[in-house]
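Everything below concerns the one structure shown next.
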Amino acid sequence: MIEENLDLPTADGTMNSFVVYPDEGGPHPVVMFYMDAPGKREELHDMARRLASVGYYVVLPNLYYRRTRDFQLTERSEAMMATMFGHMASLTERTTAVDTAAMLAFVDAQPAAKTSHIGAVGYCMSGPFVVWAAAQFPERLRAIASIHGANMATAEPDSPHRRVDRIRCESYFACAEIDRWAPPADIQKLQSALVAAGTPHRIEWYAGVEHGFVFPQRGSIYNRAAAERHWERLFSLFDRTLRV
């Protein structure tokens, strides 16, 4: 595979990004990979590589670039958690629009990227981001997946559940049974909004697992069986929507 560490220009600055794709057989369908709160790190690079290994052109940006190029949550101390939450709070529907536009402009210029076929996946804090991206660029995205996405139904005007009526693509939502960031009441609001919008979707509950269950380095929270199921669902979704 081909791996590159690139700086993508955005309206707000320079977004350092990890790009990985197969070295032959292109152009390849695109997957935009929106990071989780602990930051862009090797664990996520490995996940991007797994997507690329089955035929996708994957772009994984550092969404905190407006504040730092290299934040990684290396310990769950009070100080580091406070820093992480500060970075998280800086990301909004507007920043998602800016960053997604930059990724789209980048892949549009890449011969190895099949830009008529684009999907997105987000984890934890970026669950809302993929919804916002699909709502902001409905003509570009063919599929989105939110994996234990946080804050999917809030009281804010830009809450993801208030944006699904703008989505045209298929969506998948993997929900952990034990997740204070996405309790059942919130997911019910999301589901009701999706049904009312008539957009194709699937919400799947993962029984007995916690928020963050897909990440191998999350210690006892990692659940291999559930994590592998999430990969199966991702591959199925993207095969169905990005390879046609």
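The values are calculated or read from the model by the stated rules, or taken from the named source; none is laboratory data. Everything quoted here is computed from the prediction, not taken from an experiment. With ideal geometry, Cβ positions are generated from the backbone for all residues, glycine too; neighbour counts draw on all protein chains shown. Ligands, DNA and RNA are stripped out before the accessible areas are found, and what is left, the full protein with its side chains, is counted by its heavy atoms. Shrake-Rupley method; radii C 1.70, N 1.55, O 1.52, S 1.80 Å.
Compute the accessible area per residue over the chain, keeping the other protein chains in place, probe 1.4 Å, unit Å².
On the way: 10220 Å² over 244 residues.
That works out to 42 Å² per residue.
Is the chain best put as rounded, prolate or oblate by its Cα gyration tensor, with a ≥ b ≥ c the root eigenvalues, rounded for a/c under 1.5, and otherwise prolate when a/b is larger than b/c, oblate when not? Don't skip to the answer; put the middle values down first.
Values: a/c = 1.27, a/b = 1.11, b/c = 1.14.
Verdict is rounded for the chain.
Express the relative contact order of region 1-133 as a whole percentage, based on alpha carbon pairs under 8 Å and six or more residues apart in sequence. Let's see the in-between values first.
On the way: 237 pairs, mean separation 44.1, N = 133.
For region 1-133, the relative contact order is 33 percent.
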Strictly greater than 23 Å: what percent of every Cα pair in region 129-244 meets that? 28 percent
How big is the gap, in Å, between the Cα center of region 3-75 and the Cα center of region 182-214? 26 Å
Mind listing the long-range amide H neighbours of Tyr172? Cut-off is under 5 Å, sequence gap 5 or more, other chains count too, H placed in the peptide plane at 1.01 Å from N. Ile144, Ala145, Ser146, Arg202
Region 64-74 - phi-based ³J(HN,Hα) in whole Hz, Karplus 6.51/-1.76/1.60, Gly and Pro as x: 8, 4, 5, 10, 6, 8, 9, 5, 9, 7, 8
Ignoring ligands, DNA and RNA, what percent of the 1.4 Å accessible area of region 1-80 is carbon and sulfur? 44 percent
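Counting each pair of different Cα atoms once, what's the Kirkwood radius of region 124-189 in Å, rounded to one decimal?
Value: 11.8 Å, from the Cα pair sum.
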Separation between the Val98 and Arg243 pseudo-spin-labels, each 7 Å from Cα along Cα→Cβ, expressed in nm? 3.7 nm
